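Visitor: Okay, here's the structure, questions in a sec.
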Amino acid sequence: MTKIPVGVLGATGAVGQKFIKLLENHPWFEVTEVAASERTSGKLYGNAVSWKQVTPVPEAVRDLEVRPCTPDLKCRVVFSGLDAAVAGPIEEDFARAGYVVLSNSKNHRLDEDVPLVIPEVNHEHMGLIPIQKENRKSAGYIVTNANCTTMFLAMALGPIHKAMKIEKVFMVSMQAVSGAGYPGVPSLDILGNVIPFIGGEEEKVEIETRKILGTFNGKSIDLADFPVSAQCNRVAVEDGHTESVSVKLARRTTAAEIADLWRNYSGVPQQLGLPSAPKHPFVVMEAQDRPQPRFDVNRENGMATLVGRIRPCSIFDFKFTLMGHNTVRGAAGASILNAELLKAQGNLE
Ligand SMILES: NC(=O)c1ccc[n+]([C@@H]2O[C@H](COP(=O)([O-])OP(=O)(O)OC[C@H]3O[C@@H](n4cnc5c(N)ncnc54)[C@H](OP(=O)(O)O)[C@@H]3O)[C@@H](O)[C@H]2O)c1
C-alpha cells in the first residue's frame with residue numbers, strides 16, 4: 001500500500017515530537033512535511049528541534065526543512081501540536097484550503113460542528129464532518145482529540161455511561177510535568193512540591209467530558225446531562241496523569257460489575273484492528289497500590305487507560321483510580337488513532 005503523506009504542525013514542540021516518534025514506521029502514514037514558527041522555519045528539522053525523546057530523531061525526518069505553518073504543504077492530512085495561542089486560525093486556514101486537520105489544541109474542541117472524538121467511546125461524532133464542511137464551505141475539516149486529563153476520564157466513563165447512566169462525577173487529578181510542554185514548569189517550582197492549579201484545566205475537563213459522552217442527534221451534539229467537578233494538580237511525575245474519580249449512577253452497582261465492563265470492553269478501534277489501537281483499551285489492575293505512573297505508564301504502548309482501586313464511595317456510588325500516558329494517548333497517539341479511524345471510515349479519500 002502507498003503510504004498517505006502527512007504533515008506535522010508544531011513539529012518542534014513536545015506534542016509535535018511525539019507525533020514524529022509515533023509516526024516513524026507507521027503502516028499507513030508517512031511524515032513528508034514538518035512546520036513550526038518563524039523561529040525554526042527554514043532550518044533542517046534535526047537542527048531546529050530540541051529533541052527530548054529517548055530514541056534518536058527518525059532519519060526520514062531529520063533532513064526535512066521546517067516549513068512555515070501556511071497551507072501549501074505537500075500532503076492532504078496534517079497533525080497539529082501547535083501552541084494554543086496560534087492554533088485556532090492556522091488550523092482553520094488549513095481546513096479551508098482542503099486539508100484534514102487532526103488537532104490537539106483546545107481552540108476548536110467545543111465548536112458545535114467539530115468532532116471531539118475518542119474512537120472507543122464516540123466514533124459516531126465523526127458524523128459532524130459533512131455538517132462542518134457544509135457550514136464552513138470548506139473542502140477540508142478539523143477533528144479534535146480531548147485535553148490530556150479529559151481523555152482518560154471520558155474514556156473510562158464511556159462504557160459505564162452506556163451501560164448504567166451516570167448522574168454525577170467528581171475527579172481530582174495528579175498531572176505529570178510533561179503535560180506543560182517543554183521547558184514547562186520550572187524545576188524549582190515543582191521538585192518536592194504540588195501545585196494545586198493548572199490554568200483552564202478544570203473547565204476543559206468539566207465540559208469536554210460532557211461533549212464526548214454526549215449524543216450525536218444528526219445535526220449537533222447534545223451534551224451528556226450530568227455535572228463533572230474537577231480539581232487539577234501538577235505533581236513531580238515525568239509522564240502519566242493519575243486521577244481519583246467518584247461516580248454517582250442512576251442505579252446500584254458493584255465493583256465487580258464495573259471491572260467487568262472495562263475488562264470485556266472492545267471498541268471500534270479494536271474491532272477494526274486499527275494500527276495504533278491498544279489490544280485492551282482498559283487495563284484493570286488488581287493490586288491495591290496500582291496503577292502507578294512509573295511502572296504502568298507504557299502498558300499497551302501508552303494507548304490504554306489503566307484503572308484500579310474500584311471500591312464503594314460513601315458519598316457517591318463507587319470510586320476508582322485511573323492513569324494514562326498524557327503525551328501518547330493523551331495527545332499525539334489520540335490524534336493518530338482518530339486519523340486511522342477516518343481512513344477506515346473512508347474519510348481520507
Ligand atoms: N504536552 C501535552 O501533554 C499536551 C497534551 C494535550 C494537548 N496539548 C496541547 O498541544 C499543543 C502543543 O503543546 P506542547 O506541549 O507540544 O507545546 P510546545 O512544546 O510549546 O510546542 C508548541 C509548538 O508550536 C509552535 N509554534 C509556536 N508559535 C507558533 C507560531 N506563531 N506559528 C507556528 N508555530 C508556532 C512551536 O514552534 P517553534 O519551536 O518554532 O517555536 C512548537 O512547535 C497545545 O495546544 C497544548 O495545549 C499538550
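The values are calculated or read from the model by the stated rules, or taken from the named source; none is laboratory data. Quick caveat: nothing in here was measured; it's all calculated off a predicted structure. Backbone-built Cβ (ideal geometry, glycine too); neighbour counts: all protein chains shown. Protein only, heavy atoms only, side chains kept; ligands, DNA and RNA dropped before computing areas. Shrake-Rupley method; radii C 1.70, N 1.55, O 1.52, S 1.80 Å.
Visitor: Determine the share of the range 297-339's accessible area contributed by carbon and sulfur atoms, expressed in whole percent, with a 1.4 angstrom probe.
Guide: About 45 percent, which is the carbon plus sulfur part of the accessible surface.
Visitor: For the range 209-285, I need the span (max minus min coordinate) of the C-alpha atoms along each principal axis, in Å, sorted largest to smallest.
Guide: Over the range 209-285, Cα extents along the principal axes are 43, 34, 29 Å.
Visitor: Here's a follow-up. Compute the semi-axes of the equivalent ellipsoid of the chain, taking the square root of 5 times each eigenvalue of the Cα gyration tensor, and list them largest first in whole Å.
Guide: 32, 23, 18
Visitor: Between residue 225 and residue 37, take the C-beta separation as r, use R0 = 41 Å, and let me know the FRET efficiency to the nearest 0.05.
Guide: 0.50
Visitor: Based only on Cα atoms, what mean projected area does the convex hull of the range 104-153 have, in nm²?
Guide: 3.5 nm²
Visitor: Does the range 308-349 classify as rounded, prolate or oblate by the C-alpha gyration tensor (a ≥ b ≥ c root eigenvalues; a/c under 1.5 gives rounded; else a/b over b/c gives prolate, otherwise oblate)?
Guide: Judged from the Cα gyration tensor, the range 308-349 comes out prolate (a/c at least 1.5, a/b above b/c).
Visitor: Rolling a 1.4 Å sphere over the protein heavy atoms, what is the accessible area per residue of the range 175-241, to the nearest Å²?
Guide: Accessible area per residue, the range 175-241: 52 Å².
Visitor: With +1 assigned to the C-beta of every Lys and Arg and -1 to the C-beta of every Asp and Glu, and no other charges, what is the dipole magnitude of the chain about the Cα centre in debye, to the nearest 20?
Guide: With Lys and Arg at +1 and Asp and Glu at -1, about 440 debye.
Visitor: Per residue, how much space in cubic angstrom lies within the convex hull of the C-alpha atoms of the range 1-154?
Guide: 124 Å³
Visitor: Would you look at the GNM of the chain, springs on alpha carbons closer than 10 Å, and say which of 325, 241, 161 moves the most?
Guide: 161
Visitor: Run the reach check for residue 74 against lysines, Cα to Cα strictly under 23 Å, same-chain hits fewer than 8 apart removed. What comes back?
Guide: Reachable lysines: 3, 18, 21, 43, 133, 137, 343.
Visitor: Still on this structure, please answer the following. With 11 Å as the cut-off, how large is the P(r) tail for the range 125-167, expressed as percent of Cα-Cα pairs?
Guide: Taking all Cα-Cα pairs of the range 125-167, the fraction more than 11 Å apart is 72 percent.
Visitor: A further question follows. Tell me which residues come under 5 Å, amide H to amide H, from residue 249 once H is placed; ignore anything under 5 positions away on its chain.
Guide: 167, 317
Visitor: Right, here's the next one. Which percent, nearest 5, of DSSP beta bridges in the range 161-265 are antiparallel?
Guide: DSSP beta bridges in the range 161-265 are roughly 65 percent antiparallel.
Visitor: Further question: Which of these, 299, 251, 290, has the largest mean-square fluctuation under a Gaussian network model of the chain (Cα springs below 10 Å)?
Guide: Most flexible of the set in this elastic network: 251.
Visitor: Can you list residues from other chains, or at least 5 along the same chain, whose modelled amide H is less than 5 Å from the amide H of residue 34?
Guide: Amide H neighbours of residue 34: 8, 67.
Visitor: Same structure again: What residues of the range 157-175 lie in the reach of a label at residue 195, counting those whose backbone N is under 16 Å from a point 7 Å from the Cα along Cα→Cβ?
Guide: 173-175, by backbone N distance to the label point.
Visitor: Given labels modelled 7 Å from the Cα in the Cβ direction, how far is it in nm from residue 139 to residue 311?
Guide: The modelled label-to-label distance comes out at 5.9 nm.
Visitor: Take every DSSP beta bridge whose two residues both sit in the chain, then give the antiparallel share in percent to the nearest 5.
Guide: So the antiparallel bridges amount to about 45 percent of the total.
Visitor: What list of ³J(HN,Hα) couplings, whole Hz, do you get for the range 318-327 from phi and the Karplus terms 6.51, -1.76, 1.60, once you set θ to phi - 60° and write x for glycine and proline?
Guide: With the stated coefficients, the range 318-327 comes to 8, 9, 7, 10, 10, 7, x, 7, 5, 9 Hz.
Visitor: I've got another one for you. Leaving out ligands and nucleic acids, note down the accessible area per residue over the range 5-68 with a 1.4 angstrom probe, in whole Å².
Guide: So the range 5-68 comes to 47 Å² accessible per residue, rounded to a whole number.
Visitor: Given only helices, namely DSSP H runs of n ≥ 4 each adding -39500 (n - 2.57), what is the per-residue ellipticity at 222 nm of the chain, to the nearest 500 deg cm²/dmol?
Guide: -8500 deg cm²/dmol
Visitor: Just to be sure I understand the model, the point goes 7 Å from the Cα along the line to the Cβ. What's the resulting residue 251 to residue 349 distance in nm?
Guide: Those two pseudo-labels are separated by 4.1 nm.
Visitor: Let me ask something else about it. Multiply the residue gap between residue 1 and residue 289 by 0.36 nm, knock off their C-alpha separation, and tell me the result in nm, one decimal place.
Guide: 99.2 nm
Visitor: If you don't mind, there's one more thing I want to ask. Dividing the Cα radius of gyration by the Kirkwood radius, what Rg/Rh value follows for the range 85-212?
Guide: Reported Rg/Rh (Cα atoms, Kirkwood Rh): 1.02.
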